[in-house]
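The values are calculated or read from the model by the stated rules, or taken from the named source; none is laboratory data. Quick caveat, the model's predicted, so the values are computed rather than measured. Glycine gets a Cβ as well: all are built from the backbone with ideal geometry, and neighbour counts include every protein chain shown. Surface areas here come from the heavy atoms of the whole protein model, side chains and all, with no ligands, DNA or RNA. Shrake-Rupley method; radii C 1.70, N 1.55, O 1.52, S 1.80 Å.
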Amino acid sequence: MRSAAEAVGTQLTEWGFMAVEVPGIGGRVEAMMSSFAAACSSAEPSLSDYAYSRVPQISSGGTHGFFPYLSEVPRLANGVPDPKEFIHVSGAMIDDRPPGAAQVLRAFPEFGEAAREVFDAAFTLVSLFAEIVHGMLPVDAPPLELSRDAANLRVIRYRDVGDREVLAHEHSGIQMLGLQLPPGDQGLQYVLHDGTWVEPVIAGTDIVLCNIGRMLASASGGRFRPSTHRVHRSDTESGYERLSSVLFAYPPHGARQWKVTEDGVTVMDATWGDFIADRFAGLGGRPS
């Protein structure tokens with residue numbers, strides 16, 4: 001990663017996202033997604049016993065828990081929820097903070113073990129991407145300071161999609177950086193800086209993509225734009241399902257926001273937790 005920093009930086013400048021090949025990551029991610037699909041089908045124990053109650057869980061260090069089918073309504077979806085269920089596994093959750101947070105991982109041990117392994121690999125990778133991005137900022141810019149506790153791994157299962165073509169409307173993430181892991185199927189599309197939509201071939205590979213989130217776009221003073229992407233269905237057969245996963249990386253929620261300006265770096269009174277809460281309020285979430 002470090003030796004390829006210049007090439008990766010060029011990808012970000014020209015495309016708006018970054019890509020590297022990581023030997024072996026695809027198989028680990030596939031095993032984790034398959035175990036999540038099995039957990040979704042389990043009646044006893046049931047993932048619904050571990051459903052979230054409030055979002056974001058800023059005080060506990062990371063947003064974690066199971067999000068039931070049809071529970072997320074994107075801004076551009078005209079009130080129609082995405083046909084998916086997903087789980088957030090945060091670093092704090094893996095370490096059982098607050099006590100009891102890791103219960104779902106213990107209840108589904110195959111998924112729990114696989115999620116821990118993928119989380120650790122993904123957080124290492126996104127931290128290396130953070131070094132590359134920081135090297136593209138002015139020399140006085142603070143380090144991105146990604147927090148393992150606050151990072152969360154989202155594992156998604158799209159199902160019962162009917163005749164829908166758009167599974168996730170175009171959007172950009174709240175986070176500082178996002179790491180898209182190899183999905184079970186194609187359909188993930190990005191808009192380049194010139195407005196062209198492209199679909200990188202990453203399903204069933206060892207290729208990971210790194211996104212810029214709105215948090216980093218703000219901190220960089222607009223030097224980086226949020227990576228806009230969407231998910232389209234790639235197969236018209238009935239009974240279509242799609243499994244995917246992404247790691248969202250944040251600074252500590254209690255750290256103060258900063259922004260690179262023409263006059264230097266401005267440190268604000270507001271925290272990055274405030275930034276997250278404001279964005280979730282726009283989605284109709286209830287900050288804790």
**OP:** Considering each residue of region 162-183, count those that are buried (at least 20 other Cβ atoms within 10 Å of the Cβ) and not in a strand (DSSP E or B), and give that number.
**Re:** 7
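Can you find, within region 149-161, the residue that is nearest to F111 (Cα to Cα) among those that are within 13 Å of the chain's Cα centre (by Cα) and outside any strand (DSSP E or B)? Talk me through it step by step, then tell me what you get.
Initial filter on region 149-161 (within 13 Å of the chain's Cα centre (by Cα)): 150-156.
Cutting the leftovers down to outside any strand (DSSP E or B) gives us 150-151.
Values: A150: 20, A151: 18 Å.
Once the filter is applied, the top-ranked residue is A151.
If you scan region 77-101, which residues turn out to be polar (S, T, N, Q) and open to solvent by 10 Å² or more (accessible area, probe 1.4 Å)?
Quick first cut of region 77-101, residues polar (S, T, N, Q) only: 78, 90.
Result: N78, single match.
Residue-wise test of (1) open to solvent by 20 Å² or more (accessible area, probe 1.4 Å); (2) under 29 Å from D185 (Cα atoms); (3) β-branched (V, I, T).
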{"residue": "E237", "(1), (2), (3)": "yes, yes, no"}
{"residue": "R242", "(1), (2), (3)": "no, yes, no"}
{"residue": "V246", "(1), (2), (3)": "no, yes, yes"}
{"residue": "K259", "(1), (2), (3)": "yes, no, no"}
{"residue": "D263", "(1), (2), (3)": "yes, no, no"}
{"residue": "D274", "(1), (2), (3)": "yes, no, no"}
Subject >> Filtered residues of region 108-131 (kept if touching a helix residue (DSSP H, G or I) at 6+ places or on another chain (Cβ under 7 Å) and over 15 Å from A150 (Cα atoms)) >> reply: F108, E110, F111, G112, A114, A115, E117, V118, A121
Original post:
What are the residue pairs meeting all of these: first residue in region 27-45, first residue open to solvent by less than 20 Å² (accessible area, probe 1.4 Å) and of a type in the set (V, I, T), second residue modelled with pLDDT of 95 or more and in a helix (DSSP H, G or I), Cβ atoms under 8 Å, and 6 or more apart or on different chains?
Top reply: V29/V118
Original post:
When you look at T205, is it free of Cβ contacts under 8 Å to residues at least 24 places away in the same chain and β-branched (V, I, T), yes or no?
Top reply: no
Original post:
List, please: which pairs have Cβ atoms under 7 Å, are six or more places apart or on different chains, and start with a residue in region 100-127 that is free of Cβ contacts under 8 Å to residues at least 12 places away in the same chain and end with one that is part of a loop (DSSP other than H, G, I, E, B) and surrounded by fewer than 21 Cβ atoms within 10 Å (Cβ to Cβ)?
Top reply: A102/D96
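Please report, ordered by residue number, the strands (runs of 3 or more DSSP E) entirely within region 1-100 with at least 1 residues that are among the basic types (K, R) and under 20 Å from A122 (Cβ atoms).
Details: elements: 17-21, 65-67, 84-90.
The strands (runs of 3 or more DSSP E) meeting that bar are 84-90.
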Original post:
Looking only at strands (runs of 3 or more DSSP E) that fall completely inside region 199-271, which ones have 2 or more residues that are of a type in the set (S, T, N, Q) and closer than 30 Å to R116 by Cβ?
Top reply: 242-249
Original post:
In the set R214, R233, which member is under 25 Å from S90 (Cβ atoms) and in contact (Cβ under 8 Å) with a residue 60 or more places away in the chain?
Top reply: R214
Original post:
Of the conditions (1) within 30 Å of S3 (Cα to Cα); (2) surrounded by fewer than 14 Cβ atoms within 10 Å (Cβ to Cβ); (3) in contact (Cβ under 8 Å) with a residue 60 or more places away in the chain, E145 fails just one. Which one is it?
Top reply: (2)
**OP:** Please state which one of I212, I156 is within 19 Å of S234 (Cβ to Cβ) and either open to solvent by less than 30 Å² (accessible area, probe 1.4 Å) or modelled with pLDDT under 95 (or both).
**Re:** I156
Original post:
Considering only residues of region 1-15 that are farther than 10 Å from M136 by Cβ and small (G, A, S), which is surrounded by the most Cβ atoms within 10 Å (Cβ to Cβ)?
Top reply: A4
